[in-house]
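I have placed the structure first, in the form of structure tokens, so that the comments after it can refer back to it.
The values are calculated or read from the model by the stated rules, or taken from the named source; none is laboratory data. This is a predicted model, so every value here is computed, not measured. Cβ atoms come from the backbone with ideal geometry, glycine included; neighbour counts cover every protein chain shown. Keep in mind that these areas ignore ligands, DNA and RNA; they rest on the heavy atoms of the full protein, side chains included. Shrake-Rupley method; radii C 1.70, N 1.55, O 1.52, S 1.80 Å.
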Amino acid sequence: EKLQDCGGFRQLAAPTGHLNLWTERTFRSHSGHTEMEQKAKIIGSRVGGGGAPKKEPELEKQPLELEHLIGFTGKYLNTVKYHSQENDAVVYTVGTVLVAADLADPHKQRFFRGHDANVSCFAVSPCGKMLASGQIASTRYKGQMAPVIVWGWGGKVLGQFPGLTAAVVSLAFSPDSRFLLGSGANKMMYVWDLETGEVQVAQKVDKVITSATWGPMSRGKSRRHPTYSLITCPSPIVRYHILEFEAKSMQYVLKSYPCQFPSRGLTRTYHCVVMDEMGESAITGTEVGDLLVFNVRSTVFRTRIPISSNGISSICHDKNNVVFVAGGDGTVKKLQGKDREWRILAETKIPGRIVSMDLSAKGDSLVAGTPHGSLYKLDTQNLKYLLASESHITSINDIAFGKDPTKFATIVCQQNFNQSNTFLSLSPWLVVLALWSSYRYAIFYSPCPHPPKRRKMASFACGTSVSIASFSQRRVPRQGGGS
């Protein structure tokens, strides 16, 4: 971002990629006058003649404040998640930005900005105090570096871990939030100790680990050092691991055990994996649309359950051996069982393909995202869903306000369209009308009741998301402590 002088106004040159909503500010000099007032005084002094022209005072350059983002990048799997402790908080990706939104108070959004390329995956710690996010290959550093950033829930960067390149494929926190597991497209797997910041495990694997999860902890040989269990899926292999503290070397050591498949073979690429609360079974979702169940204690395959016709993108595990499965054809199914015995309790179908789904902290709702830029909220009892948010999926051509400053319209050119809907957005903006004609698709936005108390609005179209900015006056402190 940079500010450009445009005849008395400050215009924001926004980076390409997404459309943001910004807060306009009146730029004041140290004497308390606006920039245009200062220029008028200088011109007047020159016209009046007499003496050398006065030197124009330096004006404070303030970047516009990002106020709201409308959009969702539904390109990567598992990029929409609920917060692990706050029931109404949901986290999702918009290009290089992580957005934390409060469903109970849609005026609240929190932004995590530190990546220089699209966020490809992220994880929320079980304690709820940290986030970890990874990206595709960096455009800033050489060697296709794909750093992993650990954030505090307040937005502060706690640390950054190198080692993965091309893209970060999966991230997962241990149950006590002490360890972070990460895998990359360079076939590397790392386990970082978040208490010390050290690399606990660095391992080169034969295939890219496409999904990973931690199981329950157990009491180790030392009371001070518990034993951890985890599952990794370097497709088409499934491995069960034990991370155990070794007194001889005074550090944790990873032991791996590959799971055995039936003799006829099941060659699969895995998109997601979960373990039950007892740590007895692992359930994997595959690209062909079936669930594979493994007994991790004996590391053997148990059963196969067909779910959808276009792959499985997400699995959410709930109490009482209940799992929710999202398919690539929009199918969401609620199953209950264990080992080889499973039954379907409910099912529904969402328009479009599901790329991510997650369960809320209280277990009463699900949030699902599609590659069409839509977010849905589902009831876990009957799987009834509500379209919660919608955004463009192609480049936005133009955006404009009418006479009413609380409403604006966007327009794109695209060949594939969904049906027009009116719904309440996750953001404080309502889509009041959506229409299309001859490859042109328009959306009209309006704020929901009780918008922020800012009158003048500005918006910027950049990529496939919408940014809103509101303009407010701000006095610059004078020298001597005055304002």
**Study point:** Residues of region 362-417 that turn out to be under 19 Å from L69 (Cα atoms), assigned to a loop (DSSP other than H, G, I, E, B), of a type outside the set (A, V, I, L, M) and touching a residue at least 60 places away in the same chain (Cβ under 8 Å), as a count
**Key:** 9
Exercise for review: For region 197-247, name all the residues that are open to solvent by 60 Å² or more (accessible area, probe 1.4 Å) and of a type in the set (V, I, T).
Suggested key: V199
Check your understanding: Just to be sure, is T284 surrounded by fewer than 16 Cβ atoms within 10 Å (Cβ to Cβ) and either in contact (Cβ under 8 Å) with a residue 40 or more places away in the chain or under 24 Å from Y82 (Cα atoms) (or both)?
Key -> no
Point to revise | Matching residues, region 95-136, being aromatic (F, W, Y) and open to solvent by 10 Å² or more (accessible area, probe 1.4 Å) | key: F111
Review point. Which residue pairs have Cβ atoms under 8 Å apart, sit 6 or more places apart or on different chains, and have a first residue in region 318-341 that is at pLDDT below 95 and a second that is of a type in the set (D, E) and open to solvent by less than 40 Å² (accessible area, probe 1.4 Å)?
Key: N321/D276; K338/D276
Point to revise | Flag if D290 is over 27 Å from S256 (Cβ atoms) and not hydroxyl-bearing (S, T, Y) | key: no
Point to revise | Members of region 301-347 found to be within 27 Å of Y76 (Cβ to Cβ), open to solvent by 10 Å² or more (accessible area, probe 1.4 Å) and in a strand (DSSP E or B), listed by number | key: R304, I305, P306, I315, H317, D318, V322, T331, K333, K334, E347
Review point. Among the candidates V150, V157, V168, which residue alone is touching a residue at least 40 places away in the same chain (Cβ under 8 Å) and open to solvent by 10 Å² or more (accessible area, probe 1.4 Å)?
Key: V157
Exercise for review: Kindly provide the set of residues from region 137-147 that are open to solvent by 60 Å² or more (accessible area, probe 1.4 Å) and either hydroxyl-bearing (S, T, Y) or part of a strand (DSSP E or B) (or both), ordered by number.
Suggested key: T139, Y141, M145
Review point. So, of the residues in region 288-299 that are open to solvent by 20 Å² or more (accessible area, probe 1.4 Å) and without any contact (Cβ under 8 Å) to a residue 40 or more places away in the chain, which turns out to be nearest to H271 (Cα to Cα)?
Key: V288
